[in-house]
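Peer 1: First, the structure itself, so that you have it in front of you.
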Amino acid sequence: MFIFRTIENFRDLGESIGSKSQGSNPPILPNIIFRSATLDQACEEEVCRLVDEMQVRTIIDLRSEMEARMQRDGVFQSFPAMAILKVRPLDAITPSGTGSAPKVKGKCKDRSTVMINFAGKRFRKHAVWKASPLSVKLKLAGYMAVRKKAKAVRMVGQRVINKKGLEGLYRDFVDYCQAEIREALILLVDPGHFPVLVHCTQGKDRTGLVIALTLVAIGVDEETIIEDYALSQVGLERERAAMVREMAKDGLDPCFADAPPNVLRNTFKYLTDKYGSVTEYLDHIRIGPDERAQIKANLCSPSHQPHPLDTTILDIQSPPLKDSTGSMSPSPDHQVSPAPSQPDDTCTKDE
């Protein structure tokens, strides 16, 4: 299952989930959706495997701009970055092969990287800034004023994120990253984007939630989803010591390097308690029955496998989402470049 030397926590959901397709679980096709940790250290040989052997067409990168600055040139040469421009309703999506080609930089216009800053402004506002005591806010403001961002990140880790724990971080993700979660899932509605690889830094938290919600959308049972999530503990095992050292620099406890099954199980319970069910949460973020049916067809039906050079761009403009307090919050437009020249203003380094 973990078949790369330079890409950690990689797996094909057609293998890890598809092999367990029995009873009510749908059979996920192999070589259609993959997940992994960062591609920063991917060697040229393994980038070629993604392109030639697995024929990955779209990479969904859930990291912040600051993290993405470390992206290796080799990956972007094969998967040029493109922006999510506008969002439009499901019934307005142009079928594959009849729409305009993606606006990408470089020669490989049939492949692209879509960058979504998963823990964006709303997450930083509500989960970091509003959650910080006044003493922390004053120190953070001072650190940012004199450009001591590393100290600001460490303080947020120690004084804010650690107190929430991994479960608390996931609750904040599902409450304050709803627009970003929808943007990731809506990309899976268009068959022209497949095969797809979803990743972040470790490939377990942001990626884990997006993949878990994708699997709920197509009808995989929760325990099977939790088992797949927990595979990240094995997928990251050889890097765990290095991860713990890096997290310590950001003020985070070693538990943030793990993928305990109960973290996702309790996140599902939180969604059920707050929204009625995990499926109703998907309805809440406007991944409704039609979108879920199309995602299922893309992942499970041989007739929906894309032709090698089919390309289309999903031109999406989301209406406002209601946040967890009931107020309206517009979905952000993500303007993306392969190597951002300026880091974003995040005060925390998730994952």
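Peer 1: For region 140-211, restrict the atom set to alpha-carbon positions and state the Rg and Dmax in Å.
Peer 2: Radius of gyration, then largest Cα-Cα span, for region 140-211: 16.0, 48 Å.
Peer 1: Run the simple label-point estimate for Glu280 and Ile3 please: 7 Å along Cα→C-beta, distance reported in nm.
Peer 2: Once both label points are built, they end up 4.1 nm from each other.
Peer 1: Quick one: divide the alpha-carbon radius of gyration of region 185-269 by 2.2 N^0.38 Å and tell me what you get.
Peer 2: It is 1.19.
Peer 1: May I ask you to give the percent of accessible area on region 203-275 that is carbon plus sulfur, with a probe radius of 1.4 Å?
Peer 2: Solvent-exposed carbon and sulfur of region 203-275 make up 55 percent of the total.
Peer 1: Sorting check: for 140-147, 225-232, 44-51, which peptide has the highest mean count of neighbouring beta carbons within 10 Å, and how do the rest follow?
Peer 2: Ranking, from highest mean packing down: 225-232, 44-51, 140-147.
Peer 1: Please report how far the C-alpha centroid of region 112-131 lies from that of region 223-268, rounded to the nearest whole angstrom.
Peer 2: 20 Å
The values are calculated or read from the model by the stated rules, or taken from the named source; none is laboratory data. No experiment lies behind these values; they were computed from the predicted model shown. Positions of Cβ are backbone-derived with ideal geometry, glycine not excepted, and every protein chain shown enters the neighbour counts. What goes into the accessible areas is simple: the full protein's heavy atoms, side chains included, and nothing from ligands, DNA or RNA. Shrake-Rupley method; radii C 1.70, N 1.55, O 1.52, S 1.80 Å.
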